[in-house]
Amino acid sequence: MTFCDRLNTRETSRPSLVASLALFFVGASAFAQEPALPCCNCDTAARPSNVTCLSTDQLGRRVIHMEPLQATGLDKDLKLAGTLIVDLKISVDGKVECAHAIKGNPIAVSAAMRALPKWTFKPSTKSGIPRSSCGRLKIRFRLSSNGSSTKLER
């Protein structure tokens, strides 16, 4: 039975129909987007001189507030779990200046892009002066209608 056949049959349950539509539209929109530029160049030879590049563990230890990922809209009926990999640039005041998803489910990436601007970090310093920092986080998530969880992997 094809996707379109399932839409035309009355046997399709509402939650599975909603889940199928959500995956279809989110997946289609992910392919339609232009590739984003990376937030930082910590992985290249052209490392920025005015930014501190941090390891996953170092960046994870600097988290002050972590807003949990939340399912919204059509994806509320889905049950998703997995890991996201996100590159972040943290400003001198500890706020997320830029976030770029490297790997992860498109629905979870969307939830992360809504939550990450609310995260706060302890700013990096050099000689006591706050500076921007960059790094990569691995975020373990579970999204469902019964509640969600968000944890860092180190």
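We did not get these values from a lab; they are worked out from the coordinates using the rules stated. Remember, predicted model here, so these are calculated numbers, not experimental data. A quick note on method: Cβ atoms are made from the backbone with ideal geometry, for glycine too, and the neighbour counts reach across all protein chains shown.
Distant-in-sequence amide contacts of Leu54, defined by a placed amide H-H separation under 5 Å and a gap of 5 or more residues or a different chain, comprise Cys134, Gly135. With the simple spin-label model, which puts each label point 7 Å out from Cα in the Cβ direction, the Asn146 to Ile64 separation comes to 3.6 nm.
Only residues of region 131-151 count here: report those whose backbone N is under 19 Å from the spot 7 Å along Cα→Cβ of Arg114, or say none. Backbone N within reach: 139-151. Relative contact order of region 38-153, taken over Cα pairs closer than 8 Å and 6 or more residues apart, is 38 percent.
Here the 3J(HN,Hα) profile of region 123-136, calculated from phi with Karplus coefficients 6.51, -1.76 and 1.60 at θ = phi - 60°, is x, 6, 9, 9, 6, x, 9, x, 9, 5, 9, 10, x, 10 Hz, Gly and Pro shown as x. Taking the DSSP beta bridges with both ends in region 38-153, the antiparallel portion is around 90 percent. Centroid-to-centroid, using Cα positions, region 52-70 and region 127-147 are 4 Å apart.
Report the percentage of all Cα-Cα pairs in region 38-153 whose separation exceeds 25 Å, rounded to a whole percent. In whole percent, the long-distance tail amounts to 23.
Under a 5 Å amide H cut-off, with hydrogens placed 1.01 Å from N, Ser148 pairs with nothing among residues at least 5 apart or on other chains.
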